[in-house]
Amino acid sequence: MQKRILYILLGILIISCKQKPEKTELTPSEINNESEKLSAFFERTFKEDVADSPMFQTQLGQKTDYGKWDDFSNQKYAEDLERSKKRLAYLKDSINQKALPKKQRLSYRLKKQKLEEEVEDYKYRFYDYPINQMNGYHTALAAFLINQHRIDSVSDAKAYIQRLKGMHKAFEEIAQNMQIREKNGILPPKFVFSKVLESSKSLISGKPFDNSNKKNPLFEDFSKKVNKLTISKAEKKALISEAKNVLLSDVKPAYELLIKTLEDQFQRATTDHGVWKFPKGDEFYKNRLNRITTLDLTAEEIHEIGLTDVNRIHEEMKAIMKKVGFKGTLKDFFNFMRTDAQFYYENNEAGKSKYLAESKSIIDRMRENLDKLFLTLPKAEIKVKAVEEFREKSAGKAFYQAPALDGSRPGIFYANLYDMSAMPTYQMEALAYHEGIPGHHMQIAIAQELDSIPEFRKHIFYTAYIEGWGLYSEKIPKEIGFYKDPYSDFGRLSLELWRACRLVVDTGIHSKKWTREKAIEFYKTNTPNAESDCIKMVERHIVMPAQATAYKIGMNKILSLRKKAKTELGKKFDIREFHDVVLSQGAVPLTILEEMIDDYIQQKNEKN
C-alpha cells in the first residue's frame with residue numbers, strides 16, 4: 001500500500017514538472033540587469049587598477065600620484081593574486097554569462113581568461129629577469145621620467161623630484177626581488193651583467209655626478225623641461241638646484257645599491273642561456289609559448305614552422321636577386337646587402353637626422369593612402385624619434401610607445417640609431433610600416449579610441465595579435481603599390497625572414513639547448529643582417545623567452561584568416577571590411593580573432 005502511494009505521489013510530481021517547464025528565456029529587464037552589473041564591474045576594477053599604479057596613471061596622461069612609483073615589492077605579487085582570485089570568483093558566481101549581450105560576452109570571456117591566467121601564472125612570478133639589457137628597470141625608470149613625465153607647472157617639477165627621491169626605495173625592492181630569484185634558481189647569464197652594469201653606471205655619470213663635459217640624461221631632461229616653464233629665472237634655478245641635490249643624495253645611492261647587487265650576482269652567473277636551466281623550466285617555457293602565441297602549439301611545431309618559412313623566403317629573395325641582375329649565391333647577395341655603402345647612411349648626426357626624416361616621410365606617404373585599405377583611421381598623432389643615448393647600445397632595433405589617451409602625448413616610433421650599419425635603408429619602409437602606420441600606431445591608437453569596448457580592453461596585451469598585426473602591416477603596403485624599389489622589397493622580405501628565424505632560434509635556445517654562439521651563427525648564415533643585429537637578437541631571446549615567436553605566428557594566422565574570408569566570400573570580399581573586423585575589438589587572442597572572422601563571413605553571406 002505504501003509503495004502504491006509512493007508511485008502515485010511520484011507520478012503527480014512528474015506531471016507537475018511537465019506542467020511547469022523550466023524557464024529558458026530571460027526578460028529584457030534581467031538581461032539589462034546582468035549587463036549593467038558587468039559594466040559596473042569592469043569600470044570599478046579598471047579604476048582600481050589605475051589607482052593602484054601611479055605609472056599607469058602617467059601613461060594615461062593623468063597627473064594623480066604624479067610623484068610616486070609603483071610598488072615593486074615581492075609582497076605585491078601576493079596582493080595581486082588575492083585580488084585576481086576575488087574578481088574571478090565574482091565573475092563566476094555573480095554574473096550570468098548567458099544573460100549577456102553578444103558583445104559583452106566577449107568582454108566577459110577575455111576578463112575571465114586573463115584572471116585565470118594571472119592565478120595560474122603566480123607560480124612563475126619569479127621566472128624573469130627584472131634587470132636585463134632589453135627592458136630592465138635600471139633604464140626603464142629613467143626612460144619613463146624622460147618620455148612620460150611632463151612638466152607643465154612647478155608642481156609637476158616637484159613631482160619629478162619626488163620620483164627621483166623615490167628611486168632609492170624602488171631599487172631596494174627590485175634588488176630584493178633579484179635576490180629572491182637567485183635563491184629560486186633564476187639568475188641571468190653572464191653576458192647580461194656587463195651590459196646592465198655599463199648602462200646603470202652611465203646613468204650616474206656626467207654633470208652633476210662628476211666634472212666631465214658629459215650630459216647626464218636625467219639632469220639634462222629635468223633642466224630642459226623646467227627652463228620651458230613660464231616662471232622666473234630664480235624659481236627655475238631653485239628647482240634645478242633641488243633636482244641636482246636629489247640626484248646626488250638619492251639617485252646616486254639607488255644606482256650604487258643596484259650596481260652592488262649586480263656585481264655580487266655576476267660572480268655566480270653561468271653561461272647557460274635557456275630557461276631549461278630553471279626549476280621546471282620546460283613547463284615554464286610551454287606556458288610562455290601558450291601565453292605569447294595564444295595558440296596550443298608545441299616548441300617543436302613552432303621550430304618546424306620557422307624552418308619552412310625560412311626556406312620559402314629564401315626562394316623569394318632569389319627571385320629579387322635575379323631581378324636586380326646580381327650574379328652569385330644568395331649568401332653572396334646577403335654579403336653585398338650587408339656591406340655596400342649605397343644602403344647605409346653615415347654614422348654621424350647628419351646621417352641619423354636623414355634616417356629620421358625619411359622614416360617620417362614614409363609614414364606620411366602611407367597615411368595618404370590608408371583609405372585604400374581601411375575604413376577606420378586613428379586620430380592620435382605619431383612622432384619619429386631616435387632611442388635615447390643612455391639605452392641605445394642594448395635596446396632593440398625599433399619599437400613603439402602608445403599615445404596618451406587625452407592626446408597630450410603622441411604615439412612614438414623609436415628607431416635605434418646607435419649603429420647605422422645595423423639600420424640599412426632598404427629596411428626603412430618595412431620598419432616604418434611596422435612601428436608606425438599601418439602597424440602598431442594604427443592598431444593601438446584605434447583600440448584606445450574605441451567607444452564600443454570597456455576601458456580595460458583598450459590596454460589589454462596579446463603579443464601574437466599585436467606583433468602579428470605589426471608584421472602583417474609590413475606586407476600589405478605592397479598590395480597597393482608600395483615597395484617599388486626591388487631592394488626595398490628585399491628589405492621587407494629580410495624582416496619577415498628575421499621573424500621566421502626567431503621561431504627557430506627561440507625554440508632552439510629554450511627547448512633544444514642551443515648555445516648563444518650556435519644561435520648567433522644561425523642568424524648570420526640565414527639573414528643579411530649585421531652581426532651586431534644577430535647578437536642583440538639572440539641576447540633578446542635569452543632574456544625574453546617565447547616573446548619573439550609572436551610575430552610570425554600572429555602574421556601567419558591573420559593571413560590564413562584573410563585567405564579563408566576571401567575564398568568563402570569571393571567577389572563580396574572587401575579588404576577594408578576585413579581590416580575593420582580585425583581592428584574593431586582591440587587586441588584579442590588569435591582563437592577569438594578566428595571566431596570574429598567566421599562571424600563576419602557568416603553575416604556577409606546572410607546579407608547577400
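Do we have residue 20 as out of contact with any helix residue (DSSP H, G or I) (no Cβ under 9 Å at 6 or more places or on another chain) and either at pLDDT below 50 or farther than 30 Å from residue 102 by Cα (or both) here? When the stated conditions are applied, residue 20 passes them. Looking only at helices (runs of 4 or more DSSP H) that lie completely in segment 182-256, which have at least 1 residues being in contact with a strand residue (DSSP E or B) (Cβ under 8 Å, 6 or more places away or on another chain) and not assigned by TED's automatic domain parsing to the domain that holds residue 510? By residue number, 217-227.
Entry remark, segment 268-327: residues being outside any helix (DSSP H, G or I), free of Cβ contacts under 8 Å to residues at least 24 places away in the same chain and more than 26 Å from residue 122 (Cα to Cα) number 3 in total.
Of the helices (runs of 4 or more DSSP H) lying entirely inside segment 386-483, those containing at least 1 residues that are closer than 17 Å to residue 499 by Cβ span 428-435, 440-449, 463-475.
Among the residues examined, residue 345 qualifies as of a type outside the set (A, V, I, L, M), in a loop (DSSP other than H, G, I, E, B), buried (at least 17 other Cβ atoms within 10 Å of the Cβ) and at pLDDT 95 or above.
Reported count of residues in segment 154-193, each being within 27 Å of the chain's Cα centre (by Cα) and free of Cβ contacts under 8 Å to residues at least 60 places away in the same chain, is 1. Among the residues making up segment 224-256, a single one is in contact with a Leu (Cβ under 9 Å, 6 or more places away or on another chain) and of a type in the set (Ser, Thr, Tyr): 255.
Listed here are the residues, each with its yes/no results for (1) within 30 Å of residue 126 (Cβ to Cβ); (2) in contact (Cβ under 8 Å) with a residue 24 or more places away in the chain; (3) part of a helix (DSSP H, G or I).
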position: 542; (1), (2), (3): yes, yes, yes
position: 585; (1), (2), (3): no, yes, no
position: 591; (1), (2), (3): yes, yes, yes
position: 602; (1), (2), (3): no, no, yes
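When each of 509, 480, 446, 453 is tested for being farther than 15 Å from residue 554 by Cβ and under 18 Å from the mean Cα position of the chain (by Cα), the lone residue that passes is 446. Residues in segment 408-451 that are of a type in the set (Asp, Glu) and modelled with pLDDT of 95 or more were compared, and the one that is nearest to residue 480 (Cα to Cα) is 429. The sole residue among 64, 45, 27 that is within 14 Å of residue 160 (Cα to Cα) and either surrounded by fewer than 17 Cβ atoms within 10 Å (Cβ to Cβ) or of a type outside the set (Gly, Ala, Ser) (or both) is 64.
Residue-by-condition table, conditions (1) surrounded by fewer than 24 Cβ atoms within 10 Å (Cβ to Cβ); (2) closer than 26 Å to residue 537 by Cα:
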position: 412; (1), (2): yes, yes
position: 435; (1), (2): no, yes
position: 452; (1), (2): yes, no
position: 460; (1), (2): yes, yes
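The values are calculated or read from the model by the stated rules, or taken from the named source; none is laboratory data. Since the model is a prediction, treat every value here as computed from it, not as a measurement. For neighbour counting, all protein chains shown are included, and Cβ atoms are generated from backbone atoms with ideal geometry for every residue, glycine included.
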